[in-house]
Amino acid sequence: MKSLLVRQALILAALALVPGLGQAVYFRNRVSWRSPIPASEMITVTQARAWGGNAIWVDARPDEEFARDHVPGALSLNEDRWNELLPQFLAAWSPEKKIVIYCSSQSCNASREVAHRLRNEAQLPNVFVLKGGWEEWLRNR
Amino acid sequence: MKKFLWRLVDLVIAVIFIYAGAVKVLDPVQFANDIDNYKILPWTIGVGLAFYLPWLEIFCGLALIFRLLYRGALSILTALVAIFIIATIAAKVRGLDITCGCFGHVSQDWNFPAHLALDLVLLAGVILLFHATGAKPRDLKGA
Amino acid sequence: MRTHIFAFALSIVICVTAHAELKWEQTAVELHPAPTDKEAVGHFKYQNTGSKPVRFKSVHTSCGCTAAQSQKEEVPPGEKGEITATFKIGDRTGTQVKTVTVQTDDPTNVTTVLTLKAVIPQELEINPTFVFWGKGEAPNPKTIVVHAGKDFSVKQLKVASSSPDFQTKVEQTGKDQFKIDVQPRETDKIIAATLTIQPEDSSKIFYATARITNAPAIQ
């Protein structure tokens, strides 16, 4: 009885390999097998830090929170004063930079909304959202 | 009547696994990241599993519905759920903040107890099916 | 002994029938602020239809741009009240959805999520809002396309550049559609300008940025 079960399981395992391999081939350009590349727009603190001077950090939180504390060197860009803050951000930007946007935590939406506007309105490339936000950055300080 | 009820359990569990598999098939890159979040497996293996596991879930779910390779499918599903429950508890104990990934990003907003509860129910379901159909090893097709 | 059992049973019955229940008139509100409004306010009305008072344990908004107030902390049975959610529009655009999570001691409904949807009218849609040339790039004109937002009509566009280093030329390309050609005088220096774009009969001003950037070392 046991051998029947094992045989069945092996057949199923082998069957699933077929579409699995097919998908791996189909998606081969979308994912790196060697290292975690940002899935869509999210990156981790570690990944962002690895970019060093190539990264430009953006704080999407309200002014008071930015004033209290922020990632050293980060620029404030929030939707309350978008029109006023955007030109300052663009002055610091250049095409090869990677933009890392954060708000207070994983669950806040401000960073995603700022990312959306930078991508769609200003049409900038390399726009990323920091996974875990300010909370996560503090944890890895 | 009893047979009908077990058949129903079959179908419910099969549908859950097929759905879970299908959601992950649609975004394997996201699933690879979700696996990586548990920090148990190296990235490369995680990517491999991300492409493979969802299909395994779908095929096992189909096996349950069509009663083909039935016991093999049940044992695979039992192993999958058990491993997943252990991984989830391990992550929680280590303080990792995880968005499950088992139902793809649709379950993003669920909380830990809800997830764990559903998985324990699934585990109970597959184990029960295993025992219920154990007595009739030949009853693999039909009925 | 009998009276103890009776009292116990009675207390259970009372506990079960004496309940708290907070009923919301609506948990989703859609607002349509005017283009010049600075805030959008949503009113979420509730009533305690139970027989026990309900207490608000917390009122928590999804972002710092929304402030929510409940007028009272404890709602006696039968009483009505409302939670006012004030959404600061700022420079936000499009449809904004913000939530207010309310926690009470009502056991049938501990957490309620109130949704505030504000549809912010967009008079102009500007694409892109940023044009740039790398240092040393040929100073050819780049185009910004402007068209009127949904439910709006724009007959004429006023465009001004904050710096003479960038010239602008406006042309109407169709009904409610325009294009702005922006051209720098030179691209050897890092210079920038803010373009103010205004529909002819509106007080609202829109912005675009033009600048010369440091070209990447390797393309």
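The values are calculated or read from the model by the stated rules, or taken from the named source; none is laboratory data. Just so it is clear, the model here is predicted, and its values are computed rather than measured. FYI the Cβ positions are ideal-geometry reconstructions off the backbone, even for glycines, and counts take in every protein chain you see.
A few points about this structure:
- Residue that is farthest from B:Ile83 (Cα to Cα) [pool: residues in segment B:22-33 that are crowded, with 22+ Cβ neighbours inside 10 Å and within 10 Å of chain A (Cβ to nearest Cβ)]: B:Pro28
- Taking residues in segment A:69-91 that are more than 8 Å from every other protein chain (Cβ to nearest Cβ), and partners anywhere that are of a type in the set (S, T, N, Q), the pairs with Cβ atoms closer than 7 Å and at least 6 places apart or on different chains are A:Leu75/A:Gln88; A:Leu85/A:Ser76; A:Leu85/A:Asn78.
- Of all residues assigned to segment B:9-16, none qualifies as being at the interface with another protein chain (Cβ under 10 Å from one of its Cβ atoms), closer than 21 Å to B:His115 by Cα and modelled with pLDDT of 85 or more.
- Index of the failed condition, A:Phe128 passing every other in (1) part of a helix (DSSP H, G or I); (2) under 26 Å from C:Ile144 (Cα atoms); (3) away from chain C (no Cβ under 12 Å): (1)
- Total residues in segment C:42-55, condition part of a strand (DSSP E or B) and surrounded by fewer than 20 Cβ atoms within 10 Å (Cβ to Cβ): 4
- Looking only at segment C:180-219, and only at residues there that are among the basic types (Lys, Arg) and touching a residue at least 60 places away in the same chain (Cβ under 8 Å), the one that is farthest from C:Glu125 (Cα to Cα): C:Arg211
- Scanning segment C:75-115 for residues that are of a type in the set (S, T, N, Q) and assigned to a strand (DSSP E or B) gives C:Thr84, C:Thr86, C:Thr95, C:Gln96, C:Thr99, C:Thr101, C:Gln103, C:Thr104, C:Thr111, C:Thr112, C:Thr115.
- Residue in segment A:27-41 that is outside any loop (DSSP other than H, G, I, E, B) and either free of Cβ contacts under 8 Å to residues at least 60 places away in the same chain or not acidic (Asp, Glu) (or both) present: no
- Some residue of segment A:76-84 being among the acidic types (Asp, Glu), closer than 27 Å to C:Ile212 by Cα and in a loop (DSSP other than H, G, I, E, B): yes
- Checked against the criteria, A:Glu113 does not count as surrounded by fewer than 20 Cβ atoms within 10 Å (Cβ to Cβ) and either out of contact with any His (no Cβ under 8 Å at 6 or more places or on another chain) or more than 30 Å from B:Pro54 (Cβ to Cβ) (or both).
- Check on A:Gln106, without any contact (Cβ under 8 Å) to a residue 12 or more places away in the chain and within 24 Å of C:Ile89 (Cα to Cα): no
- In segment C:116-128, of all residues being part of a strand (DSSP E or B) and in contact (Cβ under 8 Å) with a residue 60 or more places away in the chain, the one that is nearest to C:Asp37 (Cα to Cα) corresponds to C:Ile120.
- Segment B:52-82: number of residues that are within 24 Å of A:Phe27 (Cβ to Cβ), among the aliphatic types (A, V, I, L, M) and more than 7 Å from chain A (Cβ to nearest Cβ): 4
- Some residue of segment A:96-108 being more than 10 Å from chain C (Cβ to nearest Cβ) and assigned to a loop (DSSP other than H, G, I, E, B): yes
- First in segment C:152-175 and more than 28 Å from C:Lys189 (Cβ to Cβ), second anywhere and of a type in the set (Phe, Trp, Tyr) and in a strand (DSSP E or B), Cβ under 6 Å, 6 or more apart: C:Leu157/C:Phe178; C:Gln172/C:Phe178
- Tally, over segment C:201-216, of residues that are more than 9 Å from chain A (Cβ to nearest Cβ) and part of a loop (DSSP other than H, G, I, E, B): 4
- Flag set for C:Ser58, criterion: small (Gly, Ala, Ser), loosely packed, with under 15 Cβ neighbours inside 10 Å and closer than 15 Å to C:Thr101 by Cβ.
- Looking only at segment B:34-48, and only at residues there that are of a type in the set (A, V, I, L, M) and more than 9 Å from chain A (Cβ to nearest Cβ), the one that is nearest to the chain's Cα centre (by Cα): B:Ile35
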